[in-house]
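Worksheet for the structure shown next.
The values are calculated or read from the model by the stated rules, or taken from the named source; none is laboratory data. Treat the numbers as computed from the prediction; the structure is a model and nothing was measured. FYI the Cβ positions are ideal-geometry reconstructions off the backbone, even for glycines, and counts take in every protein chain you see.
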Amino acid sequence: MAKIKQVTAREILNAKGNPTIETTVTLNDGKSGTASCPSGTSVGHYEASELKDHDEKLFLGNGVLKAISNINEVITPAILGLEATKQQDVDKRMIELDGTQNKSRLGANAILSVSMAVAKAAAKSSLLPTFLYLREFVKKEGTVIKIPTPLFNILNGGRHAGGNSDFQEFMVIPASSKAYSESLNMTVNLYDSLRNTLAQNNMTTLIGDEGGFAPALATNRQGLDLLRQAIQSTQFRYGFDVFLGLDAAATNFFHENKYRIKDKAMQLSPNDMISFYEEINKEFHLLYLEDPLAEDDWEGWSKIAGALTEQTLIVGDDLTATNPYRLQMALDKKAITGIIIKPNQIGTVIEALAVVEVARQAGLKIIVSHRSGETNDDFIADFAVAVSADYAKFGSPVRGERVAKYNRLLEIEKEIKSLG
Ligand code: PGA
Ligand code: ZN
């Protein structure tokens, strides 16, 4: 048991060169936790709001000094002296202080950095690794403690790569039977193979926001084809050792009720778009399909799961925004079979855990995800293990802010083994 004694927050840069907040919470037993908040590039409309300064003279308007002053002036005085292991109390206090639906008053970035730092400090104070400490807040029945299957975004597209394709993420997914360290080894091989495949096709091997290659693609289908070629040039077997997945992030190419993609000359209705996914699915047998439709296209979403779920996980990200109301809507419409969990879409650790719980009760697969604008914070690796997530999506196996999470999972893999 230890009480919150001090909170300090500072402005740092994230991996895209944009300011964000790093907060340190110190307890009266001397233990402390430091956490920083990531930012999205393709931010969904239903996400909690990241408070920025909009002062064009500083960091192109992206500064977070107002959010930091909210931590110093509003949050800190209200949480000093609270018991750090009572994460519910701390998060509830901040939610009440903010008082808005989307945390726009104090900023989800301000609130989440404090929330995560409190959890890390409380874990240290409890002499537990963060994943084991957080597990105390999870209903454990029917779950096992394991490393989630990683989803590796090794070909970047859409807004993460200057609009080289419509779809945002082209992923390789190791068979879930593989040990995590084996999956990493395979993916490093596949990443190298994709580099060679691109070079052989006279395509660029420069990379995008999440560390995946970012070639200019003639069609979205070509992205999947390149990944398949890359797999086939290794000893790993497509559809056995490794599968393919997509995050279409379809809100970005949906305008006036129509989808526009390079693969088709005509604009597509929601039904046409679903037919397109069926078409590529016949060829590539996608294991995973995230945001295939736009966040407000409920007409499409209510049909796609029925059309594709037999072999493909249909996952909401912008659709559900780690928000309990959006999740309920998606469940009512039977729109999804999996959900992306990003703590910064909702703004506190406790609320993110609560969304996981509802989703799991409903039988959805849980995917814990990074953002494109990450920091080197590895909290979500611990969070993913704590909630027994089915999958973890942390980008490519390159770049510091991505490998920080993958390396933390390696450490946790060892820690789990030592638990026996
Ligand atoms: P973002 O994208 O972090 O840029 O919002 C990630 C995703 O859509 O999954
Ligand atoms: Zn997404």
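A residue that is buried (at least 18 other Cβ atoms within 10 Å of the Cβ), among the aromatic types (Phe, Trp, Tyr), in the same structural domain as Leu319 (by TED's automatic domain parsing) and out of contact with any helix residue (DSSP H, G or I) (no Cβ under 9 Å at 6 or more places or on another chain) occurs somewhere in the stretch 286-299. Each residue in the stretch 1-58 was checked for being farther than 20 Å from Val90 by Cβ, aliphatic (A, V, I, L, M) and crowded, with 19+ Cβ neighbours inside 10 Å, and 2 of them qualify.
Yes/no per residue for (1) of a type in the set (Ser, Thr, Tyr); (2) farther than 27 Å from Glu295 by Cβ; (3) touching a Lys or Arg at 6+ places or on another chain (Cβ under 6 Å); (4) assigned by TED's automatic domain parsing to the domain that holds Lys342:
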position	(1), (2), (3), (4)
Pro19	no, no, no, no
Val25	no, yes, no, no
Pro38	no, no, yes, no
Glu47	no, no, no, no
Leu60	no, no, no, no
Asn72	no, yes, no, no
Gln88	no, yes, no, no
Met94	no, no, no, no
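Just wondering, is there one or more residues in the stretch 397-416 that are surrounded by 24 or more Cβ atoms within 10 Å (Cβ to Cβ) and more than 16 Å from the chain's Cα centre (by Cα)? There is at least one residue in the stretch 397-416 that is surrounded by 24 or more Cβ atoms within 10 Å (Cβ to Cβ) and more than 16 Å from the chain's Cα centre (by Cα). Going by the conditions given, is Phe236 in a helix (DSSP H, G or I), more than 16 Å from ligand 2 (Cβ to nearest atom), at pLDDT 95 or above and among the aromatic types (Phe, Trp, Tyr)? Considered against the rule, which asks whether it is in a helix (DSSP H, G or I), more than 16 Å from ligand 2 (Cβ to nearest atom), at pLDDT 95 or above and among the aromatic types (Phe, Trp, Tyr), Phe236 comes out as no.
Here is a yes/no grid of residues against (1) part of a loop (DSSP other than H, G, I, E, B); (2) crowded, with 20+ Cβ neighbours inside 10 Å; (3) touching a Ser or Thr at 6+ places or on another chain (Cβ under 9 Å):
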site: Leu184; (1), (2), (3): no, yes, no
site: Leu190; (1), (2), (3): no, yes, yes
site: Asn196; (1), (2), (3): no, no, yes
site: Thr204; (1), (2), (3): yes, no, no
site: Pro215; (1), (2), (3): yes, yes, yes
site: Gly223; (1), (2), (3): no, yes, yes
site: Arg228; (1), (2), (3): no, no, no
site: Ile231; (1), (2), (3): no, yes, yes
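Restricting Tyr288, Tyr259 to residues that are away from ligand 2 (no atom under 14 Å from the Cβ) and among the aromatic types (Phe, Trp, Tyr) narrows the list to Tyr259.
Screening Val172, Val114 for residues that are of a type in the set (Val, Ile, Thr) and under 16 Å from Leu227 (Cα atoms) leaves exactly one candidate, Val172. Under the condition of being free of Cβ contacts under 8 Å to residues at least 60 places away in the same chain and within 24 Å of the chain's Cα centre (by Cα), the residues counted in the stretch 193-220 number 5.
From the list Val118, Val188, Val138, which one is more than 16 Å from ligand 2 (Cβ to nearest atom), closer than 30 Å to Ser69 by Cβ, modelled with pLDDT of 95 or more and of a type in the set (Val, Ile, Thr)?
None of the other options fit; the residue is Val118.
Condition test on Gly400, is it within 15 Å of ligand 2 (Cβ to nearest atom), over 30 Å from Asn281 (Cβ atoms) and in contact (Cβ under 8 Å) with a residue 60 or more places away in the chain? It is false that Gly400 is within 15 Å of ligand 2 (Cβ to nearest atom), over 30 Å from Asn281 (Cβ atoms) and in contact (Cβ under 8 Å) with a residue 60 or more places away in the chain.
So which residues in the stretch 333-348 are among the β-branched types (Val, Ile, Thr) and either assigned to a loop (DSSP other than H, G, I, E, B) or closer than 21 Å to Tyr406 by Cβ (or both)? If the condition is that a residue be among the β-branched types (Val, Ile, Thr) and either assigned to a loop (DSSP other than H, G, I, E, B) or closer than 21 Å to Tyr406 by Cβ (or both), then Ile336, Thr337, Ile340, Ile341, Thr348 are the ones that fit.
It is to be established whether one or more residues within the stretch 163-173 are touching a His at 6+ places or on another chain (Cβ under 9 Å) and in a loop (DSSP other than H, G, I, E, B). There is at least one residue in the stretch 163-173 that is touching a His at 6+ places or on another chain (Cβ under 9 Å) and in a loop (DSSP other than H, G, I, E, B). Note on the stretch 300-346: among residues that are among the acidic types (Asp, Glu) and within 25 Å of Arg371 (Cβ to Cβ), the one that is nearest to ligand 2 (Cβ to nearest atom) is Asp317. Within the stretch 139-150, does at least one residue satisfy the condition of being in a helix (DSSP H, G or I), over 24 Å from the mean Cα position of the chain (by Cα), closer than 19 Å to Ala354 by Cβ and not β-branched (Val, Ile, Thr)? No, the conditions are met nowhere in the stretch 139-150. Inspection of the stretch 375-387 identifies at least one residue that is within 15 Å of ligand 2 (Cβ to nearest atom), crowded, with 24+ Cβ neighbours inside 10 Å, closer than 25 Å to Gln88 by Cβ and in contact (Cβ under 8 Å) with a residue 24 or more places away in the chain.
For Ser69, are the conditions met, namely being surrounded by fewer than 22 Cβ atoms within 10 Å (Cβ to Cβ), within 16 Å of ligand 1 (Cβ to nearest atom) and among the small types (Gly, Ala, Ser)? When the stated conditions are applied, Ser69 does not pass them.
Just one of Ala305, Ala359, Ala352 is buried (at least 24 other Cβ atoms within 10 Å of the Cβ), out of contact with any Gly (no Cβ under 9 Å at 6 or more places or on another chain) and in a helix (DSSP H, G or I); which is it? First the steps, then the outcome.
Values: Ala305 fails: buried (at least 24 other Cβ atoms within 10 Å of the Cβ); Ala359 fails: out of contact with any Gly (no Cβ under 9 Å at 6 or more places or on another chain).
One residue alone meets the criteria, Ala352.
Of the residues Ile274, Ile231, the single one that is away from ligand 1 (no atom under 16 Å from the Cβ), at pLDDT 95 or above, of a type in the set (A, V, I, L, M, F, W, C) and touching a Phe, Trp or Tyr at 6+ places or on another chain (Cβ under 8 Å) is Ile231.
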